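Undergrad: Quick one: the structure is below, and I'll ask about it shortly.
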Amino acid sequence: MCGIVGYIGEQDATDIIVEGLRKLEYRGYDSAGVAVLKDGRTEIRRAVGKLRNLDKALVERPLTGSVGIGHTRWATHGRPAEQNAHPHAVDGITVVHNGIIENYLELRHRLVQRDRRFSSETDTEIMAHLVAEHAARGLGFVDAVRAALTEVRGAYAFVILSEREPDKIITAKNASPIVIGYGENAEENYVASDIPALLAHTRTFTFLNDGEMAVLSKSGVVVTTLDGQPIEAKVKRVDWSPVMAEKGGHKHFMHKEIFEQPTAIADTIRGRVIMEEARVHLEGMELGDVNRLQRLVITACGTSYHAGLVGKFMIEQIARLPVEVDLASEFRYRQPVIDETTGLLAISQSGETADTLAAIKEGKRHGAPVFAVCNVIESSIARECTGSGGVMYTHAGPEIGVASTKAFTTQLVALHLLAIHLGRERGILDRATAQEMLTNLREVPKQIETMLNREASLVAVARRYAKSKDVLYLGRGPNYPIALEGALKLKEISYIHAEGYAAGEMKHGPIALIDENLPTVAIATQGDAYEKTVSNLEEVRARDGKLIIIASEGDSKIAAIADDVFIVPRNQPLIDPILTVVPLQLLAYHIADINGTDVDQPRNLAKSVTVE
Ligand code: AGP
């Protein structure tokens, strides 16, 4: 998730762009850059790291001009380095991009064969080459961009300049956000990834839709389809405060990130599925011959540990590879029995959790290949695994809320893709079954959207239970870790004590807790354990326990024993956890919000625990 700002008008573009990028800080920084057109020439300044490094570069070598584009990068392809920082310029065409070009490998290969030389590892530079090639064939700037867009597949928000036609900025959108801001007091217009970047200058916006592009000049904006059909641009007035705008109108980052899950999951899948061959392409993973592995040990903390527990079910059932899951804070103290035939997989959103990093180093000391699922490129854990088993990145974008949500569901998706990859490589999983699994996985973003649309029903449930002192969460099979995760969500943001339990364990103790004051949140979706779970819940009911049940679409039985039911769409049992966690995230969020706790920065917690 990157930040983009563009300006064309009478004022100095550099300050407008850089200040706009600063308002997109929540979108993450690995690097930042700005390009300005003046007297038919493009000048670029780029810097790795926070925006202040770009500020320094601009103090040393100022940029002036009234047309420009800028970018802050959340790296998805190519490490955070100056050479990979946007903007990328090729033969007078300058591009900034937010998204993932799915067919970047194929396009890069074709361009190299046509003797195009690359100066970066990014997928974005490919677009600059494509537009430059079409312009070199005699196409005008707009037509050259249109022609290039017919060749790229994937998620993009492009903003592009041309030295040949310095009186315009072109932008095009597919799956990544683009807003256009209209100058209110002068001949000027703006483009950005998100509203906060432009609120200082305008309140009137057009939100581009997928498959649309726009040509901005000082005097106006022309919106068309990608193939040039004119579109009547809808102009909206936005009266958000700047703080609200950073949260996209959401009250908290956590709420925004819960709602970003469909996009984050689609981005995590994008570019990794070769459906015809039912293969998963895990760029960054350097596992080599997976058949040398006799088992995996997954190690992580907190929510990432819960993802690992679900991953065990996925990998063992799909790839028939034995998997152990260990808390990273315990792993290195138990004198683990591992060697070069044991794969050690770390799961970490931040890639900086000290216990998880230490566990990886312990694994390396035993000669085990170490690899990771991370959300932050070039993080410490990612770097520690590079050169060994490598890294598979989730593409969740920056997660600001301390309570992990979109990072968790994208970890589950990554683990499911890994399980399919291992199953295919080990000759366990046939092509047709793998294709069916991948098709089911691709259903998840839409299925989560349908649940998010029913948020109001969970607000009502939250009101009923917001003053509870204790809450029990129950689940079976791959939903048992989801019970643990739901309990963690509630306690870490609302400070209400909660614990997750395997539903089958009720009669071994926890049922003694049940009375009318102890609500139980239970996951009872369709699957092998359904009947047994229902009988566990009837035991709760028989003791006046309140039941909030997460059930499958079409389950007409469960309402008879539940005080509240939330329906989740049907998918496959191993994909179910990616769905059932969403109502638990929303329930925890709304209970905390009702209780007025600091949802994004709960007391005593930090987003990344970099101390042991
Ligand atoms: C989850 O909501 C918490 N923020 C916490 O448990 C977190 O998952 C844990 O600290 C691990 O962080 P990591 O994924 O960045 O390694």
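The values are calculated or read from the model by the stated rules, or taken from the named source; none is laboratory data. Given the structure is predicted, the values throughout are model-derived calculations rather than measurements. Cβ atoms come from the backbone with ideal geometry, glycine included; neighbour counts cover every protein chain shown. Accessible surface is based on the protein model in full, side chains and every heavy atom, while ligands, DNA and RNA are left aside. Shrake-Rupley method; radii C 1.70, N 1.55, O 1.52, S 1.80 Å.
Undergrad: Please tell me the relative contact order of segment 103-233 in percent, rounded to the nearest whole number, where contacts are Cα pairs under 8 Å and at least six residues apart.
TA: Working: 200 pairs, mean separation 22.7, N = 131.
Computed value for segment 103-233: 17 percent relative contact order.
Undergrad: Under 20 Å Cα-Cα from Lys234, which aspartates and glutamates qualify once same-chain neighbours fewer than 8 residues away are excluded?
TA: In chain and number order, the partners are Glu184, Glu187, Glu188, Asp194, Asp210, Glu212.
Undergrad: Could you name the aspartates and glutamates in cross-link range of Lys532, using Cα to Cα under 12 Å and dropping any fewer than eight places away on the same chain?
TA: In chain and number order, the partners are Glu505.
Undergrad: Once the other residues with Cβ under 10 Å from the Cβ of Thr224 are scored (Lys, Arg +1; Asp, Glu -1), what is the net sum?
TA: Numbers: positive: Arg146; negative: Glu212, Asp227.
Local net charge: -1.
Undergrad: Going highest first, how would you order 174-185, 548-559 by mean Cβ packing within 10 Å?
TA: Values: 174-185: 19.7, 548-559: 17.9.
Listed from highest to lowest mean packing, they are 174-185, 548-559.
Undergrad: In terms of modelled amide H atoms, which long-range or inter-chain residues lie less than 5 Å from the amide H of Leu474?
TA: It is Tyr501, Val521, Ala522, Ile523, by chain and number.
Undergrad: Turning to a different aspect of this structure: What ranking of Arg117, Arg454 comes out by heavy-atom accessible area, probe 1.4 Å, highest first? Intermediate values should be presented prior to the final figure.
TA: Numbers: Arg117 165, Arg454 85 Å².
Putting Arg117, Arg454 in descending order of accessible area: Arg117, Arg454.
Undergrad: Also: Taking the dipole about the Cα centre of the chain, with the C-beta of Lys and Arg at +1 and of Asp and Glu at -1, give me whichever of Leu161, Ala147, Gly389 is farthest to the positive side.
TA: Gly389
Undergrad: How far, in nm, would the chain grow between Arg117 and Asp544 when pulled straight, counting 0.36 nm per residue and subtracting the alpha carbon separation?
TA: Working: separation 427, 0.36 × 427 = 153.72 nm, distance 7.12 nm.
Extending this stretch completely gives an extra 146.6 nm.
Undergrad: Quick check on segment 328-393: take the gyration tensor over C-alpha atoms, sort the square-rooted eigenvalues as a ≥ b ≥ c, and tell me if it's rounded (a/c under 1.5), prolate or oblate.
TA: Note, shape of segment 328-393 comes out oblate.
Undergrad: For segment 543-556, what does the Karplus curve 6.51 cos²θ - 1.76 cosθ + 1.60, with θ = phi - 60°, yield as ³J(HN,Hα) per residue in whole Hz, taken in order and with x for Gly and Pro?
TA: Taking θ as phi minus 60°, the curve returns 10, 6, x, 7, 10, 10, 10, 8, 10, 7, 3, x, 7, 8 Hz for segment 543-556.
Undergrad: Moving on to the next point. Simple spin-label model, 7 Å along Cα-to-Cβ: Val459 to Arg603 in nm?
TA: The answer from the label model is 2.7 nm.
Undergrad: Go ahead and run the numbers for FRET between Asp39 and Arg237, Cβ-Cβ distance against an R0 of 30 Å, rounding to 0.05.
TA: Efficiency for this residue pair is about 0.25.
Undergrad: Here's something else I'd like to know. In whole percent, and with a 1.4 Å probe on the protein chains, what portion of the accessible area of the chain is carbon and sulfur?
TA: Numbers: 11200 of 22880 Å².
Answer for the chain is 49 percent, counting heavy atoms of protein chains only.
Undergrad: If you don't mind, another one. Please grab the % of Cα pairs in segment 446-545 that end up more than 19 Å from each other. Working shown, then result.
TA: On the way: 2234 of 4950 pairs.
Within segment 446-545, distances greater than 19 Å cover 45 percent of Cα pairs.
Undergrad: Also, quick follow-up: Taking the Cα centre as origin and putting +1 on Lys and Arg beta-carbons and -1 on Asp and Glu beta-carbons, what dipole magnitude results for segment 501-612, to the nearest 20 debye?
TA: Details: 9 positive and 17 negative charges, 18 e Å.
Charge dipole of segment 501-612: 80 debye, to the nearest 20.
Undergrad: Still on this structure, please answer the following. Compare the Cα positions of Ala186, Leu282, Pro336 along the charge dipole of the chain (+1 at Cβ of Lys, Arg; -1 at Cβ of Asp, Glu; about the Cα centre) and return the one farthest towards the positive end.
TA: Value computed over the given set: Pro336.
Undergrad: Moving on. What is the distance, in nm, between label points placed 7 Å from the Cα along the Cα-to-Cβ direction at Glu10 and at His109?
TA: It is 5.3 nm.
Undergrad: For segment 304-421, treating each Cα as an identical point scatterer without solvent, what Debye log10 I(q)/I(0) comes out at q = 0.12, 0.22, 0.23 1/Å?
TA: The computed values of log10 I(q)/I(0) come out as -0.38, -1.35, -1.47.
Undergrad: What aspartates and glutamates sit close enough to Lys557 to cross-link, taking a C-alpha to C-alpha distance under 13 Å and skipping anything fewer than 8 places away on the same chain?
TA: Glu531, Glu538
Undergrad: Going by alpha carbons, how many degrees (0 to 90, nearest 10) lie between the helix axis of 431-442 and the longest principal axis of the chain?
TA: It works out to around 80 degrees.
Undergrad: I need the phi-derived Karplus couplings for segment 561-575: 6.51 cos²θ - 1.76 cosθ + 1.60, θ = phi - 60°, integer Hz, Gly and Pro marked x.
TA: Result, ordered by residue: 10, 9, 7, 9, 10, 10, 8, 10, x, 7, 8, 8, x, 7, 9 Hz.
Undergrad: With θ taken as phi - 60° and the coefficients 6.51, -1.76 and 1.60, list the Karplus ³J(HN,Hα) couplings across segment 105-122 in order, rounded to whole Hz; mark glycine and proline as x.
TA: Going residue by residue, I get 4, 5, 5, 4, 4, 5, 5, 5, 5, 9, 6, 7, 9, 9, 10, 9, 9, 8 Hz, with x marking Gly and Pro.
Undergrad: Going 7 Å from the Cα of Asp210 along its beta-carbon direction, which residues of segment 426-456 have the amide nitrogen within less than 20 Å of the resulting point?
TA: 438-454
Undergrad: Mind grabbing the base-10 log of I(q)/I(0) for the chain at q = 0.08, 0.10 Å⁻¹? Debye formula, identical points on the C-alpha positions, no solvent, two decimal places.
TA: -0.59, -0.90
Undergrad: Right, here's the next one. If the only charges are +1 at each Lys and Arg Cβ and -1 at each Asp and Glu Cβ, what is the size of the charge dipole of the chain around the Cα centre, to the nearest 20 debye? Please list the in-between numbers first.
TA: Details: 68 positive and 81 negative charges, 52 e Å.
The calculated dipole for the chain is roughly 240 debye.
Undergrad: Helix 530-542 against the longest principal axis of the chain: what's the angle in degrees, Cα atoms only, rounded to the nearest 10?
TA: Approximately 70 degrees, to the nearest 10.
Undergrad: Can you flag which of Lys218/Lys406; Lys236/Lys446; Lys50/Lys364 are past 30 Å Cα-Cα?
TA: Working: Lys218/Lys406 39 Å; Lys236/Lys446 26 Å; Lys50/Lys364 32 Å.
In this structure, Lys218/Lys406; Lys50/Lys364 lie more than 30 Å apart at Cα.
Undergrad: If you don't mind, another one. I'd like to know how segment 339-495 sits against the 2.2 N^0.38 Å rule of thumb: what's its Cα Rg over that expected value?
TA: On the way: Rg = 18.3 Å, N = 157, 2.2 N^0.38 = 15.0 Å.
For segment 339-495, the normalised Cα radius of gyration is 1.22.
Undergrad: Could you list log10 I(q)/I(0) for segment 408-501 at q = 0.11, 0.20 Å⁻¹, which the Debye formula gives when each Cα is one point scatterer?
TA: For segment 408-501, the Cα-only Debye profile gives -0.49, -1.09.
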